[in-house]
Amino acid sequence: MPYASAVPESNVPDAFSQFALDLLHDLREPMRTIRSFASVLAQKGRRVDDDDTTRLLTDITEAAKRMQRLIDDTVTFASADGSLHEQHQVNVEEVLRFALSNLEAAICETNAAVTIDPLPTIAVNFGDLARVFQNLIANAIEYHADDLPRIHIGCSRSGPDWVFSVADNGIGIAPKYQEQVFAPFKRLHSEQEHPGTGLGLAICRRIVESHGGRMWLESAPTAGSKFYFTITERKESRQSAAHS
């Protein structure tokens with residue numbers, strides 16, 4: 001599933017994080033090679049009457065795919081310091097449309113319905129905000145209950161803060177896990193139940209906090225979830241709006 005934008009490596013603030021990021025980038029190429037060769041061998045294995053060989057090669061291919069996702073998401077998390085990214089006045093509705101276009105296949109496949117409040121124009125990094133929306137909406141689709149996914153994007157004002165929300169009618173999260181889900185690599189479900197790396201929400205919170213905002217959720221088992229995050233409108237943005 002594509003993400004909104006790549007983040008420059010130079011935005012990683014400390015030497016250890018930069019070292020880890022460089023290492024992950026170095027791991028990407030051999031992992032692509034393993035994945036490519038395993039895929040070729042798996043295709044050849046299907047042409048011979050050897051179920052064990054085919055199964056093993058398929059397992060190797062799937063493991064390589066999971067490792068590739070883990071490397072990519074870890075790189076994203078390590079470099080998700082949005083406070084250092086260039087910010088412009090952007091229409092949040094356009095950001096959301098971009099995120100939804102990246103999720104078009106999943107939305108169509110699940111017949112998900114997405115409703116949207118009126119959204120403002122604010123000073124923010126387009127790619128960072130798109131990544132937050134995309135992760136939250138993708139989770140709402142992935143963790144839907146038996147009913148068709150129903151997702152609502154909300155927006156309200158609280159002092160200098162814009163408060164955005166992504167609400168769903170999914171399986172929900174028990175109170176004792178509601179803080180844990182934001183921790184890196186924390187997963188509440190197995191890979192077989194819900195594929196993923198356990199970094200999506202950690203990336204979202206890291207981006208929001210680097211913008212000076214905060215992220216939290218309200219949820220209960222079988223009652224859906226509602227994720228909130230804030231973006232503070234910068235003083236110069238308010239002055240510019242007042243003079244326009």
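We did not get these values from a lab; they are worked out from the coordinates using the rules stated. Since the model is a prediction, treat every value here as computed from it, not as a measurement. Quick reminder, even Gly has a Cβ in these numbers, built from the backbone with ideal geometry, and neighbours come from all protein chains shown.
Key figures
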item	result
FRET efficiency, THR222 to GLN89 (Cβ-Cβ, R0 30 Å, nearest 0.05)	0.15
Potential lengthening between SER101 and LYS176 on full extension [0.36 nm per residue; Cα-Cα distance subtracted]	23.6 nm
Sorted by Cβ neighbour density within 10 Å, fewest at the top, the residues HIS144, HIS152, HIS211, HIS88	HIS88, HIS152, HIS144, HIS211
HN-Hα J in Hz across region 128-134 - Karplus 6.51, -1.76, 1.60, θ = phi - 60°, x for Gly and Pro	4, 5, 4, 4, 4, 4, 5
Stretchable slack from ASP147 to CYS108, in nm (0.36 nm times residue separation minus alpha-carbon distance)	12.6 nm
